[in-house]
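Contents: one structure, followed by commentary.
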Amino acid sequence: MLKVFRHYLPVNTLQQVLFDAAALFLIVVAAIALQVSPAVPWVECIPSALAFAAIMITLNAAMGLYRPVYQRSGRQTFARVALSLVVSIPVAYVVFGLLPWAEIAPHSLQVSVLILLCSLLAIRGLVNQRQASGFLVPRVLIVGTGHDARIVHHDLTRPLQRSVEIVGFLPVSGGERIEVEPSNVLPPGSLVDVVRNLRVDEVIVAVRERRGGVLSLRELLDCKLAGIRILDLSSFFERVQGQVRLDSLRASWLIYGDGFRQGWARTFVKRCFDLAVGTTLLLLAAPIMLLTALLILLEDGAPIFYSQERVGRGGRIFRVIKFRSMRRDAEKDGKPRWASSNDDRVTRVGRVIRKLRIDELPQLFNVLAGEMSLVGPRPERLYFVDQLTQQIPFYAVRHCVKPGVTGWAQVRYQYGASVDDAAEKLQYDLYYVKNHSLILDTLVLFETVRVVLTGEGAH
């Protein structure tokens, strides 16, 4: 994993992006050299061909073509590739027309480049469906043999995500129960010697108890000084799963760890981003919003909008605005209820607009008013916040940033309607609070579009 602008990217994903960018660049240069007039030196087209390749690969990376997805179905793979093609073809056509050599290039050049681009994207989608692999596979040693070690091993060896080579499990003193494959357990010994003999690149400490001689901090330090990467459980889950796990989280890690900085510069940039993108989205979505309002009126009458108190940044209460997707008597008894993906209170129009997230569009007014951000933890009702704060540790940490129309949890986790689901989503929200940046906000917006269009997720 590499950390880019606070966000972790798998090394094999970066390798795929660079390989495809180089392949597309060579394809464009070869097409130019073969089809453009010999009077025009094809070498002069290299900068623009490089720019074309970079734009197209960056676009498809943002649309999620290279994102590892565990246990992706054939339908989801087809939808992801189809989305990349639908977006890439018109964009490539426009970008191609803006390049310096477009006026002298024959029409056949443009057609051939588009065909080759489509072929490259389709091949990448099929390759990712089978197995994601890297050229430089790190050798990983897991310290521990218990429950945590088993979870770490499971996450590192999921289908489509075999980007590391696990050399084995090193038992620790203290008689930890063995919950991993016994054949992969190494003989007890010095950590430094094991790392040296097995040419280990990374050590993952999957042991919670580190006192009383269970784990030698001196040996870990020696490995660290020798250039070996050392990860604890909190850092591992943050890097691999894009979440801050509650079961491996300590208050001291929140206080002394990197991240969770809410400086004025980041706040100013995020606000400018919200105003610019929010205004643009509101103008583009105006026809859809008008049509939605008309359909709600025809099916169930007024009111069109649904206003509800939610908890915002710093625990402040504000009223969120949504298109009404439920019956007018959805909570006639006055008791708040969890919303679910198959809620019987949802109208026919409401079921469609909730699936496409159109019901969230009026929240753009909340964004312009400064009560919400485009990206952030989803705002929750005060009734549930009080309940969840008592049952889930660190739940209040998510309120140190503005709530969002969409968020990291929404594009990484399915629809949730329980305390357990809220805890799972909180782990993604904590990752966002810790690592949020303009790059991550942009990635979440692209991921939201992909999730809606491909159906890889729920609400």
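Values computed for the structure shown
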read-out	value
Residue ID - farthest from Glu371 (Cα to Cα), chosen from residues in region 302-313 that are open to solvent by less than 60 Å² (accessible area, probe 1.4 Å) and either part of a strand (DSSP E or B) or in contact with a helix residue (DSSP H, G or I) (Cβ under 6 Å, 6 or more places away or on another chain) (or both)	Ile304
Some residue of region 350-371 being open to solvent by 40 Å² or more (accessible area, probe 1.4 Å) and touching a Pro at 6+ places or on another chain (Cβ under 9 Å)	yes
Hits in region 368-402 - residues which are part of a loop (DSSP other than H, G, I, E, B), under 23 Å from the mean Cα position of the chain (by Cα), among the hydrophobic types (A, V, I, L, M, F, W, C) and more than 22 Å from Leu254 (Cα to Cα)	Met372
One residue from Val401, Val375, Val385 being surrounded by fewer than 23 Cβ atoms within 10 Å (Cβ to Cβ) and touching a residue at least 60 places away in the same chain (Cβ under 8 Å)	Val385
Residue count, region 117-162 (criterion: modelled with pLDDT of 85 or more, buried (at least 21 other Cβ atoms within 10 Å of the Cβ) and within 21 Å of the chain's Cα centre (by Cα))	1
Residue in region 388-397 that is farthest from Val449 (Cα to Cα), counting only those that are open to solvent by less than 20 Å² (accessible area, probe 1.4 Å) and without any contact (Cβ under 8 Å) to a residue 40 or more places away in the chain	Leu388
Residue within region 326-348 that is open to solvent by less than 20 Å² (accessible area, probe 1.4 Å) and modelled with pLDDT of 90 or more present	no
Number of positions in region 404-424 that are out of contact with any strand residue (DSSP E or B) (no Cβ under 8 Å at 6 or more places or on another chain) and either buried (at least 21 other Cβ atoms within 10 Å of the Cβ) or within 25 Å of Phe446 (Cα to Cα) (or both)	13
Search result, residues across region 437-447 that are at pLDDT 85 or above and surrounded by 21 or more Cβ atoms within 10 Å (Cβ to Cβ)	Asp441, Val444
Test for Arg75: is it outside any loop (DSSP other than H, G, I, E, B), modelled with pLDDT of 80 or more and among the basic types (Lys, Arg)	no
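Rundown of residues vs (1) of a type in the set (Ser, Thr, Tyr); (2) surrounded by 12 or more Cβ atoms within 10 Å (Cβ to Cβ); (3) modelled with pLDDT of 80 or more, yes/no style:
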residue: Ile166; (1), (2), (3): no, yes, yes
residue: Pro187; (1), (2), (3): no, no, yes
residue: Arg196; (1), (2), (3): no, yes, yes
residue: Gly213; (1), (2), (3): no, no, no
residue: Leu254; (1), (2), (3): no, yes, no
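The values are calculated or read from the model by the stated rules, or taken from the named source; none is laboratory data. Worth saying up front: this structure is predicted, and the values here are computed from it rather than measured. All Cβ positions, glycine included, derive from the backbone under ideal geometry; neighbour counts span all protein chains shown. Accessible surface areas use protein heavy atoms only, side chains included; no ligands, DNA or RNA. Shrake-Rupley method; radii C 1.70, N 1.55, O 1.52, S 1.80 Å.
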